[in-house]
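FYI, it's all coordinate maths here, none of it is from the lab. Everything numeric here is computed off the predicted structure, so don't read it as measured data. For neighbour counting, all protein chains shown are included, and Cβ atoms are generated from backbone atoms with ideal geometry for every residue, glycine included.
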Amino acid sequence: MTALAKLDVAALRKDFPILGRPVRGRPLVYLDNAATTQKPQCVLDAILDYYRNDNANIHRGVHELSERATEAYEGARERLRRFLNAAHAREIIFVRGATEGINLVAQSWGRLAVGPGDEIILSHLEHHSNIVPWQMLRDQRGAVLRVIPVLDNGELDLAAYERMLGPRTKIVAITHVSNALGTITPVRRIIQLARDWGAAVLVDGAQAAAHLPIDVRALDCDFYVLSGHKVYGPTGIGVLYGKQERLEAMPPYQGGGDMIESVSFERTTFNTLPYKFEAGTPHIAGAIGLRAAVDYLEQVGLEPVAAHEHELLDYATQALGQVPGLRILGTAREKAAVISFTLNGVHPHDVGTILDQQGIAVRTGHHCAQPVMERFGVAATTRASFALYNTREEIDALVAGLDKVRRIFER
Ligand code: PMP
């Protein structure tokens, strides 16, 4: 990391009011960023400012506030287009989050494109949100699910993937970064290989968007989903990117206001992109908050953020590696700032509870990724995940907290 790229983390921490709040009488050590990130003041301000000054429903109004709200909402769409480097703002669909984006594709694109005997390829790393929608589609359409195996270090078995592809492959739905192990998957290569068979590719970017610069055109994916709350934005808002020609060919996912052109009891005609997929009043304040979040993230700089998080990951891997009885799951060469581990003889829930008493927030459980837990022979792990505002001192606090856990269980 160059001196220039170094983040001023102490200054950045001041942007996040919650980080100054004590928890259980201790300074908060927030290491649950893969579940959700904290929000900077500018995101909180953007949401409050919208409700205070511009609140109105969008698109249909002729009055001043409605025009301002519409402009802010559509401005957010354009900002997200730029964040993902999509070709057109109409390729950016606002959804509730990654989960809704995947369900939309599975039900709208999938029911049209996937028939009996057709194949859907997933990986063993997937979050339940990128498994269950495809199982539902499989059951509706008589399709077949195929699963790319995971190697012992948490990387995907690409050779097995290549063998799995074929003329029946209709879609490959793959995570960009594993929430359970931190593996960064070789999505570019996965997409290229799928192209040889004419298969569509959906990338689940829920864990990637806060950590890696994303360029959907360079990736050449058909669909990309992300959740606002994992990129320092609000909950309840996310993005589905879809290539225009794919989205044009897809039927609406939900019916209602905004997605129509005209309605009679005999027949409804649908609105154009992106509105065709945005039925009902959308999360206007959420889109505005998400815009502020990506402004913030890009202003800090995704590359220095990635470098800082990588440094934390290396430091934590080294420090946790010294803890007796601790086993790290997932040692892929390309990893985002997630460390899943088990501690000999202690249930992860006990680890999490004792850490919480010290003001340290980690996640414990199966992380909505039961198949990969099973692959590694565990029911649950403890997971520490880092963001731009985390520090080495917080990792030291985690290690000291784990020492305490061990002392309690050795008694
Ligand atoms: N995919 C991955 C890899 C995730 O980590 C998550 C959230 N944990 C999701 C999908 C689902 O995101 P959301 O709950 O925001 O829809």
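For a protection proxy built on the mean count of beta-carbon atoms within 10 angstrom, sort 252-262, 394-404 highest first, please.
The densest-packed peptide leads the list: 394-404, 252-262.
Taking a threshold of 30 Å on the Cα-Cα distance, which of the pairs Lys6/Lys243; Lys6/Lys335; Lys39/Lys170 fall above it?
Lys6/Lys243; Lys39/Lys170
Note down the magnitude of the dipole of the range 211-337 about its Cα centre, charges +1 on Lys and Arg C-beta and -1 on Asp and Glu C-beta and zero elsewhere, to the nearest 20 debye.
360
Val263 versus Leu48, label points 7 Å from Cα toward the beta carbon: distance in nm?
3.7
Which distance in nm do the two modelled labels at Asn57 and Gln244 give, with both placed 7 Å along the Cα-to-Cβ direction?
Distance between the two pseudo-spin positions: 3.0 nm.
log10 I(q)/I(0), Debye, Cα-only the chain, no solvent, q = 0.08, 0.10, 0.14 Å⁻¹?
-0.45, -0.70, -1.27
Kindly provide the pair-distance distribution of the range 118-214 built from C-alpha pairs, with 10 Å bins from 0 and whole-percent values in order of increasing distance.
Result returned by the calculation: 16, 51, 29, 3.
Calculate the spin-label point distance for Arg21 paired with Leu112, positioning each point 7 Å from the Cα along the beta-carbon direction, and give it in nanometres.
Placing both labels 7 Å along Cα→Cβ, they lie 4.4 nm apart.
List the relative contact order of the chain as a percent without decimals, with contacts defined as Cα pairs under 8 Å and 6+ residues apart.
Worked out over the chain, it gives 23 percent.
What translational D, rounded to a whole number of µm²/s, comes out for the range 240-346 from Stokes-Einstein when the hydrodynamic radius is the Kirkwood one over Cα pairs, at 37 °C and 0.692 mPa s?
The calculation lands on 176 µm²/s.
Residues of the range 59-101 with backbone nitrogen within less than 19 Å of a virtual label 7 Å along the Cα-to-Cβ line of Thr235, please, listed as ranges.
The answer is 95-101.
What order do you get for 148-156, 243-251, 102-110 when each peptide is scored by the mean count of other beta carbon atoms within 10 Å, highest first?
On the way: 148-156: 18.3, 243-251: 15.4, 102-110: 24.2.
By packing density, highest mean first, the sequence is 102-110, 148-156, 243-251.
Farthest toward the dipole's positive end in the range 44-298, which of Tyr50, Ala287, Phe94, given Cβ charges of +1 (Lys, Arg) and -1 (Asp, Glu) about the Cα centre?
Towards the positive end, the residue furthest out is Phe94.
Want the number for Phe409 to Met136: 0.36 nm per residue separation, take away the alpha-carbon distance, what's left?
Difference between extended and current length: 94.0 nm.
Apply 1/(1 + (r/R0)^6) to the Cβ-Cβ distance of Thr281 and Arg13, taking R0 = 41 Å, and write down the FRET efficiency to the nearest 0.05.
Details: r = 35 Å, r/R0 = 0.87.
So, using R0 = 41 Å, E works out to roughly 0.70.
Treating only the Cβ atoms of Lys and Arg (+1) and Asp and Glu (-1) as charged, compute the dipole magnitude of the chain about its Cα centre; round to the nearest 20 debye. Before the final figure, lay out each step's value.
Numbers: 44 positive and 47 negative charges, 127 e Å.
Taking the Cα centre of the chain as origin, the dipole is about 620 debye.
May I ask you to order 203-209, 366-372, 233-239 by the average number of other C-beta atoms within 10 Å around their residues, highest value first?
203-209, 233-239, 366-372
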